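Structure first, commentary second.
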Amino acid sequence: MYRHHRVAILSATVLAGSLLASGCSSDSGGKKAEEDTGNVSAGKADTPRMKVAMITHAAPGDTFWDLIRKGAEAAAAKDNVELVYSSNPDSAKQANLIQNAIDQKVDGIAVTLAKPDAMKAAVAKAEKAGIPVVGFNGGIDAWKEQGLLEYFGQDETVAGAAFGERLNELGAKNNICVIQEQGHVALEARCAGVKKAFKGKTTNLYVNGTNMPAVKSTITAKLKQDSSVDYVVTLGAPFALTAVQSVDDAGSKAKVATFDLNKDLVGAIQDGDVEFAVDQQPYLQGYLSVDALWLYKTNGNFSGGGQEPVLTGPAFVDKSNVETIAKFAAKGTR
């Protein structure tokens, strides 16, 4: 049911957003934010100024999070929100950023739960302080248990299964699924979904995502070791582009397909270096997360009724639709 041209998205009824407050850097809504986001914002709310903290597990240099942040900034500019964005891939340090936001007495927090257990106590403190919290991108199986208002993102198990079905359609027989951070619930779920739906062989390959030369050499070594691998499945655009180099270095005939997009990855699909990508629409996740807090503050709304997540993917991008997506990727919003 997940065809390559289908965009499987459940959209929320969301008007406009508010954004984050956290320790590392701060962005204010208004003219500058509109300029920074390509003038995607139209108009500006006249509601009282809000302060929202967006706290993610982004690793330095991962361009995926630039898209999240741009969406958040667009919502903040439109909804008269002061956005404070901060991130740390170390879950304990990410939890400390939540405490920082509590200390700043922000009006709302948008947070990723890549490692839910490590974030649980900090989230509970925010909620006890009366600060509304929404989740996005990571933690789809934990947000309700931890009492978050809403969740925006992709069901990674569903996305992984759709990916596996696509590999079946393409006649693949043996893939390696490259996981750049062991224990990251969303990444593990993606590969588990691929393995469950794929009729051939799936082997998880763990790499250190913060060391791209090591990622390249590890994938290369695996391809040299097993010449029967016909697909390399990666879980992020930068890793897909590195995997293309690994395939060349190994003299392998394997093809590369991936989760997530960035501008360079779109170009790789256009050039035929990457077969397809599953887009979870990070810009939309950032926008909806901030906007949801603004709606809750100004009108008591919460999408999904507090019971169901708002899904932003999976949306397949390949040669059949990449030209349309490329227009948005060139602006840095897909």
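With respect to A101, is the statement that it is among the small types (G, A, S), free of Cβ contacts under 8 Å to residues at least 60 places away in the same chain and not in a strand (DSSP E or B) true? Before you say what the answer is, go through the steps one by one.
On the way: among the small types (G, A, S): yes; free of Cβ contacts under 8 Å to residues at least 60 places away in the same chain: no; not in a strand (DSSP E or B): yes.
When the stated conditions are applied, A101 does not pass them.
Which of the following residues is at pLDDT below 95, of a type in the set (V, I, T) and surrounded by fewer than 17 Cβ atoms within 10 Å (Cβ to Cβ): T13, T63, T37? Before you say what the answer is, go through the steps one by one.
Working: T63 fails: surrounded by fewer than 17 Cβ atoms within 10 Å (Cβ to Cβ); T37 fails: surrounded by fewer than 17 Cβ atoms within 10 Å (Cβ to Cβ).
Answer to the check: T13.
Find the residue count for the range 243-280, including only residues that are open to solvent by 10 Å² or more (accessible area, probe 1.4 Å), polar (S, T, N, Q) and under 24 Å from F198 (Cβ atoms).
Number of matching residues: 1.
Looking at the range 145-166 only, could you name the residues that are among the small types (G, A, S), buried (at least 24 other Cβ atoms within 10 Å of the Cβ) and free of Cβ contacts under 8 Å to residues at least 40 places away in the same chain?
Here is the first cut: in the range 145-166, the ones among the small types (G, A, S) are 147, 153, 159-162, 164.
From what's left, buried (at least 24 other Cβ atoms within 10 Å of the Cβ): 153, 159-160, 162, 164.
G160, G164 - these are the residues of the range 145-166 that are among the small types (G, A, S), buried (at least 24 other Cβ atoms within 10 Å of the Cβ) and free of Cβ contacts under 8 Å to residues at least 40 places away in the same chain.
Taking the stated definitions as given, is T324 in contact with a helix residue (DSSP H, G or I) (Cβ under 7 Å, 6 or more places away or on another chain) and either without any contact (Cβ under 8 Å) to a residue 60 or more places away in the chain or hydrophobic (A, V, I, L, M, F, W, C) (or both)?
Details: in contact with a helix residue (DSSP H, G or I) (Cβ under 7 Å, 6 or more places away or on another chain): no; either without any contact (Cβ under 8 Å) to a residue 60 or more places away in the chain or hydrophobic (A, V, I, L, M, F, W, C) (or both): yes.
Against the criterion (in contact with a helix residue (DSSP H, G or I) (Cβ under 7 Å, 6 or more places away or on another chain) and either without any contact (Cβ under 8 Å) to a residue 60 or more places away in the chain or hydrophobic (A, V, I, L, M, F, W, C) (or both)), T324 does not qualify.
Does K120 satisfy the criteria of being touching a Leu at 6+ places or on another chain (Cβ under 9 Å) and within 22 Å of E308 (Cβ to Cβ)?
yes
One residue is enough: does the range 254-261 have a residue meeting the conditions more than 27 Å from K70 (Cα to Cα), at pLDDT 95 or above and not basic (K, R)? Quick ask: steps written out before the conclusion?
First, the residues of the range 254-261 that are more than 27 Å from K70 (Cα to Cα): 254-256.
Among the residues that remain, those that are also at pLDDT 95 or above are: 254-256.
From the residues that got through so far, the ones that are not basic (K, R) too are 254, 256.
Yes: one or more hits.
If you go through the range 307-330 one residue at a time, do you hit one that is hydrophobic (A, V, I, L, M, F, W, C), in a strand (DSSP E or B) and under 21 Å from M50 (Cβ atoms)? Working first, answer last.
Residues of the range 307-330 that are hydrophobic (A, V, I, L, M, F, W, C), as a first pass: 310-311, 315-317, 322, 325-326, 328-330.
Within this subset, residues satisfying the condition of being in a strand (DSSP E or B) are 310-311, 315-317.
Applying the additional criterion that residues be under 21 Å from M50 (Cβ atoms) yields 310.
Taking every residue of the range 307-330 in turn, at least one turns out to be hydrophobic (A, V, I, L, M, F, W, C), in a strand (DSSP E or B) and under 21 Å from M50 (Cβ atoms).
So which residues in the range 167-190 are among the polar types (S, T, N, Q) and open to solvent by 20 Å² or more (accessible area, probe 1.4 Å), if there are any at all? Before you say what the answer is, go through the steps one by one.
To start, the set of residues in the range 167-190 that are among the polar types (S, T, N, Q) comprises 168, 174-175, 180, 182.
Within the range 167-190, N168, Q180, Q182 meet the criteria.
For the range 140-160, enumerate the residues that are part of a loop (DSSP other than H, G, I, E, B) and among the hydrophobic types (A, V, I, L, M, F, W, C).
Within the range 140-160, I140, A142, W143, L148, L149 meet the criteria.
With the requirement that a residue be open to solvent by less than 10 Å² (accessible area, probe 1.4 Å), small (G, A, S) and at pLDDT 95 or above, what does the range 99-123 give you?
Those that are open to solvent by less than 10 Å² (accessible area, probe 1.4 Å), small (G, A, S) and at pLDDT 95 or above: A101, G108, A110.
Given the options A74, A126, A95, A142, name the one that is of a type in the set (G, A, S), crowded, with 17+ Cβ neighbours inside 10 Å and under 15 Å from G286 (Cα atoms).
Values: A126 fails: under 15 Å from G286 (Cα atoms); A95 fails: under 15 Å from G286 (Cα atoms); A142 fails: under 15 Å from G286 (Cα atoms).
Just one listed residue meets the conditions, A74.
Looking only at residues in the range 284-323 that are open to solvent by 40 Å² or more (accessible area, probe 1.4 Å) and in contact with a Ser or Thr (Cβ under 6 Å, 6 or more places away or on another chain), which one is nearest to K255 (Cα to Cα)?
L284
Taking the options I55, I68, name whichever one is under 21 Å from A240 (Cβ atoms) and open to solvent by less than 40 Å² (accessible area, probe 1.4 Å). Please lay out each step first, then the result.
Numbers: I55 fails: under 21 Å from A240 (Cβ atoms).
After ruling out the rest, the residue left standing is I68.
Can you work out which of the residues in the range 224-242 that are touching a residue at least 24 places away in the same chain (Cβ under 8 Å) and part of a helix (DSSP H, G or I) is most open to solvent (accessible area, probe 1.4 Å)? Before the answer, list the steps.
Initially, the range 224-242 is screened for residues touching a residue at least 24 places away in the same chain (Cβ under 8 Å), giving 224, 226-242.
Filter again for part of a helix (DSSP H, G or I), leaving 224, 237-242.
Numbers: K224: 134, A237: 3, P238: 33, F239: 14, A240: 0, L241: 49, T242: 13 Å².
For the range 224-242, the residue satisfying everything is K224.
Suppose we filter E165, E150 for residues that are acidic (D, E), under 21 Å from G305 (Cα atoms) and modelled with pLDDT of 95 or more; which single one remains?
Details: E165 fails: under 21 Å from G305 (Cα atoms).
Criteria check complete, one pass: E150.
Residue check, A126 against (1) in a loop (DSSP other than H, G, I, E, B); (2) more than 23 Å from D260 (Cα to Cα), all met but one. Which one?
Only one criterion in (1) in a loop (DSSP other than H, G, I, E, B); (2) more than 23 Å from D260 (Cα to Cα) is unmet by A126, namely (1).
Only one residue in A58, A76 is at pLDDT 90 or above, assigned to a helix (DSSP H, G or I) and not acidic (D, E). Which one? Give the derivation first.
Details: A58 fails: assigned to a helix (DSSP H, G or I).
Only one candidate passes the filter, namely A76.
Take the residues in the range 198-223 that are of a type in the set (A, V, I, L, M, F, W, C) and closer than 28 Å to E165 by Cβ, then tell me which one is surrounded by the most Cβ atoms within 10 Å (Cβ to Cβ). So that I can check it myself, show each step before the final result.
Step one: of the range 198-223, the residues of a type in the set (A, V, I, L, M, F, W, C) are 198, 205, 207, 212, 214-215, 219, 221, 223.
In the following step, the residues that additionally are closer than 28 Å to E165 by Cβ were identified as 198, 205, 207, 215, 219, 223.
On the way: F198: 24, L205: 21, V207: 22, V215: 23, I219: 29, L223: 23.
Looking at residues that are of a type in the set (A, V, I, L, M, F, W, C) and closer than 28 Å to E165 by Cβ, I get I219.
Over 22 Å from A72 (Cβ atoms), open to solvent by less than 50 Å² (accessible area, probe 1.4 Å), among the small types (G, A, S) and free of Cβ contacts under 8 Å to residues at least 12 places away in the same chain: is that true of G193 in this structure? Show your work before the answer.
Numbers: over 22 Å from A72 (Cβ atoms): yes; open to solvent by less than 50 Å² (accessible area, probe 1.4 Å): yes; among the small types (G, A, S): yes; free of Cβ contacts under 8 Å to residues at least 12 places away in the same chain: no.
The answer is no for G193.
The values are calculated or read from the model by the stated rules, or taken from the named source; none is laboratory data. Here the structure is a predicted model, which means the values were calculated and not measured. Neighbour counts run over all protein chains shown; Cβ positions are idealised from the backbone, glycine included. The accessibility values were calculated without ligands, DNA or RNA, using every heavy atom of the protein model including side chains. Shrake-Rupley method; radii C 1.70, N 1.55, O 1.52, S 1.80 Å.
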